[in-house]
Amino acid sequence: MINEHLPVGADGTSISRRFGLAAQEYPKGPPKSDTKGYRNHAKPWSETRHIRMMDLNLFRVFDAMMLHRSVRKASQMLSITPSAVSHALRRLRQSIGDELFIPSEFGMQPTRRALDLASAVREALEKIELALRGQVSEPAGAFRTFRIAACDYACMVILPSLVKRLAKSAPHVDLRVFASNSPDVDRQLEKGQADLVIGWFNQLPEGIRRATLLREDEVVVVRASHPLTQSGVTKERLLEFPHLVVVPLGAEEHEANGSINDEGLAHRIWTERVLHEFQQGKINLAGHATVCVPNFAAMAPFLQLTDMVATLPRRLALWTAAHAPVALLDLPYTSMTVDIEMLWDQSTDQDQGLQWLIRELESAVDAG
């Protein structure tokens, strides 16, 4: 049993002692007495023997690995050594018959079997702990790490409000935020690389839940003393100045003129639509979109120092104006509107912790 093979430190404290679970010895088969009764109930015995022979502490290690995707961080969370975590994983892999966690660029990547087990294991452990303490479930008080894939707009406009809220309501909750590439949304969610994805999306595969956080429109942004601030903005006037555009990560560039091809353009938001309206043989797009940057955060310095023109989401433009000497101007055409959404995999609908985070995110946006 694992509680016999996981000493920790010089005092030999074991995982079972740290978790407050007493070691148990389980029989290797039906008692020799009353064998007739066991013959009559052979199927229930075969179905329950596997779980009865497993140390429940193994699932504490499994849960820690699901939360942190790292042997070292799991060992820190459980106050045991990394080698003890590795030993526990080896025992669990042998018992379940699956690798469970595989090294990858995202850390220890859970297998499909691990993802199927994750919600049930976490719910069971929480119920045991709460029952022993005589408390009801309170996700805000839990120690947990959530992984959020987000576009840079969400990192700048949405997530700071969530972090501010969680700092007071859930100080033990950690967030791991990384860049989201829209074509990879289903893979990130299905493989458990992300618990939530935030951004703007078109069609999505089945099995992905979506909810709108807010609706965004667009404005023109220029430096505070730009010539356009002295006169009305028209499409023709906009074309007199070089344009600064955002090309999202992963968009393919057209070899002929440096613009984005049709497929990439479908994923490109807020990138000077007026240029495309005039592109039908009249305007050389590459001659006006003089600078392309990979994210919104890189735009402000270019706008401050040049006569370049950019189109930004309104909330992001307001944030930029509060931190840099830029001016916001109305568009000379009908503003495009886009829904900023959050996505999650439907298999996590029963994950109380994640559903709590979704509600917290909605509240953070509403409080805004």
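The values are calculated or read from the model by the stated rules, or taken from the named source; none is laboratory data. All of these numbers come straight from a predicted model, not from anything done at the bench. Quick reminder, even Gly has a Cβ in these numbers, built from the backbone with ideal geometry, and neighbours come from all protein chains shown.
Taking the criterion of being out of contact with any helix residue (DSSP H, G or I) (no Cβ under 8 Å at 6 or more places or on another chain), part of a helix (DSSP H, G or I) and at pLDDT below 90, would at least one residue in the range 239-255 satisfy it?
Within the range 239-255, none of the residues are out of contact with any helix residue (DSSP H, G or I) (no Cβ under 8 Å at 6 or more places or on another chain), part of a helix (DSSP H, G or I) and at pLDDT below 90.
Can you spot a residue in the range 343-358 that is among the small types (G, A, S), closer than 26 Å to D174 by Cα, under 17 Å from the mean Cα position of the chain (by Cα) and part of a helix (DSSP H, G or I)?
The initial filter retains those residues of the range 343-358 that are among the small types (G, A, S), namely 347, 353.
Cutting the leftovers down to closer than 26 Å to D174 by Cα gives us 347, 353.
Still in the running and under 17 Å from the mean Cα position of the chain (by Cα): 347, 353.
Narrowing the set further to residues that are part of a helix (DSSP H, G or I) leaves 347, 353.
For the range 343-358, residues among the small types (G, A, S), closer than 26 Å to D174 by Cα, under 17 Å from the mean Cα position of the chain (by Cα) and part of a helix (DSSP H, G or I): present.
If you take the residues of the range 296-318 that are within 31 Å of the chain's Cα centre (by Cα) and among the charged types (D, E, K, R), which of them is farthest from R113 (Cα to Cα)?
Of everything passing the filter in the range 296-318, R314 is farthest from R113 (Cα to Cα).
Give S86, S75, S119 a once-over and let me know the one that is outside any loop (DSSP other than H, G, I, E, B), surrounded by 12 or more Cβ atoms within 10 Å (Cβ to Cβ), touching a helix residue (DSSP H, G or I) at 6+ places or on another chain (Cβ under 7 Å) and modelled with pLDDT under 90. Can you show your working first?
Numbers: S86 fails: modelled with pLDDT under 90; S75 fails: modelled with pLDDT under 90.
Result: S119 is the single residue among S86, S75, S119 that is outside any loop (DSSP other than H, G, I, E, B), surrounded by 12 or more Cβ atoms within 10 Å (Cβ to Cβ), touching a helix residue (DSSP H, G or I) at 6+ places or on another chain (Cβ under 7 Å) and modelled with pLDDT under 90.
Go through the range 185-207 and count every residue that is of a type outside the set (G, A, S), surrounded by 17 or more Cβ atoms within 10 Å (Cβ to Cβ) and touching a residue at least 40 places away in the same chain (Cβ under 8 Å).
Residues flagged as of a type outside the set (G, A, S), surrounded by 17 or more Cβ atoms within 10 Å (Cβ to Cβ) and touching a residue at least 40 places away in the same chain (Cβ under 8 Å) within the range 185-207 amount to 10.
Take the residues of the range 319-337 that are surrounded by 15 or more Cβ atoms within 10 Å (Cβ to Cβ) and outside any loop (DSSP other than H, G, I, E, B): which is nearest to the chain's Cα centre (by Cα)?
W319
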